[in-house]
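One structure is given below, encoded as structure tokens.
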Amino acid sequence: MKIHEFQAKMLLRKEEVPLPRGKSADTPSMVREIAREINKTVVVKAQVHVGGRGKAGGIKLASTPDEAEKIGGKILSMRLKGLPVNKVLVEEALDIKKEFYLGITLDRAKNQNVIILSPKGGVDIEEVAKTHPDEIFEEYVDPVLGLMEFQKNSLVFCVDLPPASRKSLKNFITTLYNMYVKYDCTLAEINPLALLSDGSFTAADAKIIHDDNALYRHKNLMEYREFAEEDPIEQEAHRQGIAYVRLEGGDVGIIGNGAGLVMCTLDMIARAGGKPANFLDVGGGAKAELVERSMNLVLMDKDVKGLFLNIFGGITRCDEVAKGIIQAVRNLNLKLPIVIRLSGTNEKEGRKLLSEAGFNTVETMLEGASRIVGLVNK
């Protein structure tokens, strides 16, 4: 779950991470009032889940409250990369001596969190990796041992800093990492991490992503979720508790049971020359009612021209899946081509039910993928 910069800074402030003074606003008059309270030059930042806000005109400096109000009104009327700007963050402008990059993320290949530090802040870390790979420094953190003192020292001595600033940076890394673990984050990125003229560090920007699977431990964070910026079908799937991801430009709807099987099905559709429209995993033990709801969900995507159901019955009973398919087709008066592969528990019973209802089934995933792609292309 992504959260906005102003929300990320609310969390950081709770954990006593150094931050510039600032508040969020959703009207030009609020922008003016916040700028008046800060009583110095401010920066007005659009709050949308897109990158490149500055280049798109979503970040502006204002030297007076009147100017801040005018700029705030302009930004609040913008759309950045298709998304409306409903809020802005108004912060004091900083006297920045140097910009750094500091990020913490999960390296799934190594099953460890990694802390990344670079003296090349203020630009995309991917660009730094291409142009200055020698100026990216990393420390992998063992999940059992946690962040060790020598690792923090190793990072801060990689960059050229006076002793007082090294201590400030070390404290910053410690606090940010503790926050990252506490809130089950998959990313905590400060870019730029600003070194101020007094030698201290502060978070000039902040990007935080939380692990959806851990949100049950942080119910208070759900108020930060921005449903208006999510895909409406994915939003409905989340509401129903169905594992669904919409894929751009696809026309073959896919339903399977088990993440690995569904991913393999996506590959088979692509290999057959088709374009998968979605990932949908009904999970183990799916009943007829869940299968019907899943089909309804996939067909909310008007680009879907055909449907492939690939079910391997272990806990899931193939006859239950068949009942759900028949029920959904009748209720929806469905005219799109459907290809069904049932294998495993009660597959004979499932195929019999489908045959009696006028459906044909296929024996293998490869056969099913080829057939649905052929039908959709026709």
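Computed from the coordinates by the stated procedures, all read-outs in this text should not be read as laboratory data. Bear in mind the structure is a predicted one, so any value in this text is a computation, not a measurement. Cβ placement follows ideal geometry from the backbone for every residue including glycine, while neighbour counts extend to all protein chains displayed.
Could you pull out every one of the aspartates and glutamates with an alpha carbon less than 13 Å from that of residue 2, ignoring same-chain neighbours closer than 8 positions?
184, 189, 211, 212, 223, 226, 229, 230
Can you give the FRET efficiency for residue 214 and residue 94, using 1/(1 + (r/R0)^6), R0 = 45 Å, r = Cβ-Cβ distance, to the nearest 0.05?
On the way: r = 33 Å, r/R0 = 0.73.
My answer for the efficiency is 0.85.
Under a point-charge model restricted to the Cβ atoms of Lys and Arg (+1) and Asp and Glu (-1), what is the dipole moment magnitude of the chain relative to its Cα centre, in debye to the nearest 20? Can you show the working numbers first?
On the way: 51 positive and 52 negative charges, 130 e Å.
Here the size comes out at about 620 debye.
Name the residue from 113, 131, 171 whose Cα lies farthest towards the positive end of the charge dipole of the stretch 96-221, charges +1 on Cβ of Lys and Arg and -1 on Cβ of Asp and Glu.
Farthest along the dipole direction, towards plus: 171.
Compute the Cα gyration tensor for the stretch 104-151, then decide on rounded, prolate or oblate, letting a ≥ b ≥ c be the square roots of its eigenvalues: rounded whenever a/c is under 1.5, prolate when a/b is larger than b/c in the other cases, and oblate in all that remain.
Numbers: a/c = 2.85, a/b = 1.88, b/c = 1.52.
Judged from the Cα gyration tensor, the stretch 104-151 comes out prolate (a/c at least 1.5, a/b above b/c).
So, in Å, what gap is there between the alpha-carbon centers of the stretch 157-225 and the stretch 332-371?
Measuring centre to centre over Cα atoms gives 51 Å.
Expected output is a single nm value to one decimal: the length gained when fully extending between residue 289 and residue 140, i.e. 0.36 nm times separation in residues minus the C-alpha distance. What is it? It would help to have the intermediate numbers written out before the result.
Working: separation 149, 0.36 × 149 = 53.64 nm, distance 4.53 nm.
So the extension gain works out to 49.1 nm.
Give the residue from 343, 369, 288 lying farthest towards the positive end of the charge dipole for the stretch 280-378; charges sit on Cβ (+1 for Lys and Arg, -1 for Asp and Glu) and the dipole is referred to the Cα centre.
Of the candidates, 369 comes out farthest on the positive side.
Once you place label points 7 Å from the Cα toward the Cβ at residue 247 and residue 130, how far apart are they in nm?
Distance between the two pseudo-spin positions: 2.6 nm.
Considering the dipole of the chain built from charges on the beta carbon (Lys and Arg +1, Asp and Glu -1) around the Cα centre, which of 333, 78, 190 is farthest to its positive end?
Of the candidates, 333 comes out farthest on the positive side.
What is the stretch 230-377 by shape, rounded, prolate or oblate, if you read a ≥ b ≥ c off the alpha carbon gyration tensor as root eigenvalues and call it rounded for a/c under 1.5, prolate for a/b larger than b/c, and oblate otherwise? Before the final figure, lay out the partial values.
Working: a/c = 1.37, a/b = 1.16, b/c = 1.18.
Note, shape of the stretch 230-377 comes out rounded.
Roughly speaking, what is the centre-to-centre gap between the stretch 226-303 and the stretch 1-41 when only Cα atoms are used, to the nearest Å?
For the stretch 226-303 versus the stretch 1-41, the Cα centre distance is 38 Å.
Taking only the Cα atoms of the stretch 42-123, how large is their convex hull per residue, in Å³? Please list the in-between numbers first.
Working: hull volume 9.9 nm³, N = 82.
Given the Cα convex hull of the stretch 42-123, per-residue volume reads 121 Å³.
Taking a spot 7 Å from the Cα of residue 261 along the direction of its beta carbon, which residues of the stretch 344-371 have an amide N less than 12 Å from it?
Label zone hits: 344-347, 365.
Let me spell out the model: positive unit charges on the Cβ of Lys and Arg, negative unit charges on the Cβ of Asp and Glu, origin at the Cα centre of the stretch 96-221. What dipole size does that give, in debye rounded to 20? Intermediate results must be reported in sequence, preceding the final value.
Values: 14 positive and 18 negative charges, 83 e Å.
Dipole magnitude for the stretch 96-221 comes out near 400 debye.
Quickly work out the residue 49-to-residue 184 label distance, labels modelled 7 Å from Cα along the C-beta direction, and quote it in nm with one decimal.
Taking the two extended label points, one gets 1.7 nm.
Got a sec? How would 264, 185 order by Cβ neighbour count within 10 Å, fewest to most? Spell out each step's value before the answer.
Numbers: 264 15, 185 24.
Neighbour counts put them in this order, fewest first: 264, 185.
I need to check one value: relative contact order of the chain, counting alpha carbon pairs closer than 8 Å and at least 6 residues apart, in percent. List each step's numbers first, then the result.
Numbers: 739 pairs, mean separation 46.7, N = 378.
Contact order relative to length: 12 percent.
Could you check what % of the DSSP bridge pairs in the chain are antiparallel, to the nearest 5?
Working: 47 of 63 bridges.
So the antiparallel bridges in the chain amount to around 75 percent.
Rounded, prolate or oblate: which one fits the stretch 333-372, using the alpha carbon gyration tensor with axes a ≥ b ≥ c (rounded when a/c is under 1.5, else prolate when a/b beats b/c, else oblate)? Mind dumping the intermediate values first?
Numbers: a/c = 2.58, a/b = 1.08, b/c = 2.38.
Because a/c hits 1.5 or more and a/b fails to exceed b/c, the stretch 333-372 counts as oblate.
Using Cβ contacts closer than 10 Å as the measure, can you line up 320, 149, 349 from fewest to most? Mind showing how you got there, number by number?
Numbers: 320 23, 149 9, 349 15.
Starting with the residue having the fewest Cβ neighbours, the order is 149, 349, 320.
Based on Cβ point charges of +1 for Lys and Arg and -1 for Asp and Glu, what charge dipole magnitude is obtained for the stretch 230-377 about its Cα centre, in debye rounded to the nearest 20? Let's see the in-between values first.
Values: 17 positive and 19 negative charges, 80 e Å.
Using only the charged Cβ atoms, the result is roughly 380 debye.
Where in the stretch 16-52 does the label zone of residue 2 land, with the point 7 angstrom along Cα→C-beta and an amide N cut-off under 16 Å?
Only 46-52 fall inside the zone, counting backbone N under 16 Å.
Please state the relative contact order of the stretch 124-270 as a whole percent: Cα pairs under 8 Å, 6+ residues apart? Working shown, then result.
Details: 99 pairs, mean separation 16.6, N = 147.
Reported relative contact order: 11 percent.
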